[in-house]
Each structure stands twice: as structure tokens, then as C-alpha cells.
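Before any comments, here is the structure.
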Amino acid sequence: MLKRNEQAKQRWGGAHAAVDTWLQERQALLIEYFKLAGLPPYERDAHALPAAQDISNFCGLLMDYVSSGHFEVYDSIICNSQNAPESTRALAEEVFPLISDTTEIALDFNDSYADVTPETKLNGFDGDLSNLGEALELRMEFEDRLLNTLEQHKLL
């Protein structure tokens, strides 16, 4: 996921201010995800869960990223696709509902974990985090397909 984001920043960075901000938010989110999950290059004691504050901070980043996508980047894509070839509009119509599905997973995760305290029992946290990671991977694939199509049609 981090490699995908780095490639996206190299490819589409500088094309649009909203996309630049969004890709930066995506990177920050991914780094924190890797820390929470204990994925390389970050480590986590396999028998300990992340600190409540780290989970809450991650949830804030998650909501920022999801919101930026929906209310800044996707709105721009929709506006630009009005003048786009039919294939671009068709892709947007295909991909937006799939992205919305991943948004629901992110919102559910946030609802479950944004307000955790050190005393909160985190039963199922690792499984929920893994499911969120899979949803984020899919979401980024869909988002990159949209950005690629916009770039091809000189709409980005």
C-alpha cells in the first residue's frame, strides 16, 4: 500500500492541489495503519494492542482521508467528468459505489474505535484492523483507476 501511494504521488502529484493534499493524507494514514498493525518497517508486540491514543489518532486520520476523498477530490472528478468521454463517466459510475462500500467499512471501524480509552476491551481489534486494511487497499486501487483515467483524458 505504501508503494502504491508513493507511485501515485510521483504520477499525479502537482496535477491538482486537492489531489496533492489527499495523497499526503493517504500517506499519513498508511503510515499510521502500518504502525498500528505492526507491519514492516514498524513493529508491535504480538501480545499487546496499540495504545488507545494511537488508535484514536488513527481514526481521526481515517475520517480526514475519507472525507477529503468524498468532499474534495471526488466532487472535482464528478465536475470534470461532465466534459469527459463516456468511458470516464462510466468508470466513475462503476467505481464510486465500490468506494462507498469501503467508506462504510471505515465508518464502522471509526464508530467502534475512535473513542477507546486505556480501559476499553479491544476484542476483535486486530481482525477489524485487518478488514479495514483490505478495504483501504481496494479503495486505493479504485481511486488510482479514476485518477489514471482522468489523466489519460487530460482532465487532471
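The values are calculated or read from the model by the stated rules, or taken from the named source; none is laboratory data. Values in this document were obtained by computation on a predicted structure and should not be read as measured data. No Cβ is skipped: glycine too gets one built from the backbone with ideal geometry, and neighbour counts run over all protein chains shown. The accessibility values were calculated without ligands, DNA or RNA, using every heavy atom of the protein model including side chains. Shrake-Rupley method; radii C 1.70, N 1.55, O 1.52, S 1.80 Å.
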Practice problem: Could you tell me which residue of segment 44-75 is nearest to Val116 (Cα to Cα), considering only residues that are in contact with a helix residue (DSSP H, G or I) (Cβ under 9 Å, 6 or more places away or on another chain) and charged (D, E, K, R)? | Solution: Asp54
Practice problem: Scan segment 130-140 for residues that are open to solvent by 60 Å² or more (accessible area, probe 1.4 Å) and touching a residue at least 60 places away in the same chain (Cβ under 8 Å) and report the count. | Solution: 1
Practice problem: Run Asp126 past the list (1) in contact with a Phe, Trp or Tyr (Cβ under 9 Å, 6 or more places away or on another chain); (2) modelled with pLDDT of 90 or more and report the number of the one that doesn't hold. | Solution: (1)
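So that you can scan it fast, the table gives a plain yes or no per residue for (1) closer than 21 Å to Tyr74 by Cα; (2) among the acidic types (Asp, Glu); (3) open to solvent by 40 Å² or more (accessible area, probe 1.4 Å):
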site	(1), (2), (3)
Tyr113	no, no, no
Val116	no, no, no
Asp128	no, yes, yes
Glu143	yes, yes, no
Leu150	yes, no, no
Quiz prompt | Qualifying positions in segment 33-53 - modelled with pLDDT of 90 or more and either touching a Gly at 6+ places or on another chain (Cβ under 8 Å) or open to solvent by 50 Å² or more (accessible area, probe 1.4 Å) (or both) | solution = Tyr33, Lys35, Ala37, Ala51, Gln53
